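The values are calculated or read from the model by the stated rules, or taken from the named source; none is laboratory data. Fair warning: this is a prediction, and the values are worked out from it, not measured in the lab. With ideal geometry, Cβ positions are generated from the backbone for all residues, glycine too; neighbour counts draw on all protein chains shown. Protein only, heavy atoms only, side chains kept; ligands, DNA and RNA dropped before computing areas. Shrake-Rupley method; radii C 1.70, N 1.55, O 1.52, S 1.80 Å.
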Amino acid sequence: MIDLYYWPTPNGHKITMFLEETGLTYKIHPINIGTGDQFKPEFLAFSPNNRMPAMIDQAPADGGAPVRIFESGAILIYLAEKTGKFMPSDLRKRFDVLQWLMWQMGGLGPMAGQNHHFSAYAPEKIPYAIDRYVNETNRLYGVLNKRLADREFVAGDYSIADMAAYPWIVPYERQGQKLEDFPHLKRWFESIRARPATVRAYAVGPTVNPSLGKTFTDEQKKVLFGQTAAVVKA
């Protein structure tokens, strides 16, 4: 049994996509980031960065104590190694997947996240900040589009690198991007969107958060934005 601590965000969707692809048994534990579940001591005990997703594998491969993991990239690597799926064992192919996973973790995700923040949530519309992150998102879309020009998926076969990147492309309109400008990315995006496991993974979201897609309230924004070290003090 996989215990998944989840909320339907791009980082949360990465993990349900993998779990649905492999058929692993999992249980969702909702972490409502709008009400502050991510700051509760019991969650901080195994997710010290007070971010979801986090995971507990109750039946690790070595038969030992449960394995607790935070950070979506680390979770994807763990699950790929646990199942032997969606990450090659060949040295060169493995690191092809891993480098593109890190590209998403260090580039596409954070930059698109800042894009969302300054375009949609910041109380003051700062043109410089909006332009900076919309443009950087555009550059990263270009990198991905070029990568996909001569291959079906990011690292050859469908892998955790694709699962990591896809959810951050889903809100492309909110990021100020047009898929028509990136034909190879568009083809890749549509092929992943049509996968039955992707459909199932995204269907989980509304069952966990019936308000999915609605604008954050002022109270939720206070919880989500502007935290300091005080929120992780013991």
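Consider only pairs whose beta carbons are under 7 Å apart and that are at least six residues apart or on different chains; among these, list those whose first residue lies in region 1-30 and is outside the structural domain of Y78 (by the TED database) and more than 19 Å from T83 (Cα to Cα) and whose second residue is open to solvent by 30 Å² or more (accessible area, probe 1.4 Å) and small (G, A, S).
Final answer for the pair search is none.
Residues checked against (1) over 16 Å from L19 (Cα atoms); (2) at pLDDT 95 or above; (3) crowded, with 18+ Cβ neighbours inside 10 Å:
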{"site": "E71", "(1), (2), (3)": "no, yes, no"}
{"site": "I75", "(1), (2), (3)": "no, yes, yes"}
{"site": "A80", "(1), (2), (3)": "no, yes, yes"}
{"site": "T83", "(1), (2), (3)": "no, yes, no"}
{"site": "F86", "(1), (2), (3)": "no, yes, yes"}
{"site": "D90", "(1), (2), (3)": "yes, yes, no"}
{"site": "R94", "(1), (2), (3)": "yes, yes, no"}
{"site": "L101", "(1), (2), (3)": "yes, yes, yes"}
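Name every residue in region 104-139 that is free of Cβ contacts under 8 Å to residues at least 40 places away in the same chain and in contact with a Leu (Cβ under 9 Å, 6 or more places away or on another chain), in order of residue number.
G107, M111
Looking at (1) surrounded by 19 or more Cβ atoms within 10 Å (Cβ to Cβ); (2) in contact (Cβ under 8 Å) with a residue 40 or more places away in the chain, can you tell me which one F189 breaks?
Result: F189 fails condition (2) only.
Which residues, counting only those in region 122-159, are at pLDDT below 95 and open to solvent by less than 40 Å² (accessible area, probe 1.4 Å)?
Once the filter is applied, which keeps residues that are at pLDDT below 95 and open to solvent by less than 40 Å² (accessible area, probe 1.4 Å), region 122-159 yields A122, G156.
Go through region 171-234 and tell me which helices (runs of 4 or more DSSP H), entirely inside it, have 2 or more residues that are hydroxyl-bearing (S, T, Y) and assigned by the TED database to the domain that holds F43.
196-208
How many residues are within 22 Å of I28 (Cα to Cα), free of Cβ contacts under 8 Å to residues at least 24 places away in the same chain and not β-branched (V, I, T) when one looks only at region 197-224?
Selection size over region 197-224: 5.
Residues of region 192-212 being hydroxyl-bearing (S, T, Y) and open to solvent by less than 50 Å² (accessible area, probe 1.4 Å), which ones?
T198
Is it the case, given these coordinates, that K93 is farther than 28 Å from Y172 by Cα and assigned to a helix (DSSP H, G or I)?
Yes; evaluated as a whole, the condition is true for this residue.
Can you pull out every residue in region 52-66 that is more than 14 Å from H13 (Cα to Cα) and touching a residue at least 12 places away in the same chain (Cβ under 8 Å)?
I56, D57, Q58, A59, P60, A61
Scan region 103-113 for residues that are surrounded by fewer than 18 Cβ atoms within 10 Å (Cβ to Cβ) and more than 11 Å from the chain's Cα centre (by Cα) and jot them down.
Answer for region 103-113, where residues must be surrounded by fewer than 18 Cβ atoms within 10 Å (Cβ to Cβ) and more than 11 Å from the chain's Cα centre (by Cα): just G106.
What is the one condition in (1) open to solvent by 40 Å² or more (accessible area, probe 1.4 Å); (2) part of a helix (DSSP H, G or I); (3) free of Cβ contacts under 8 Å to residues at least 40 places away in the same chain that D162 does not satisfy?
(1)
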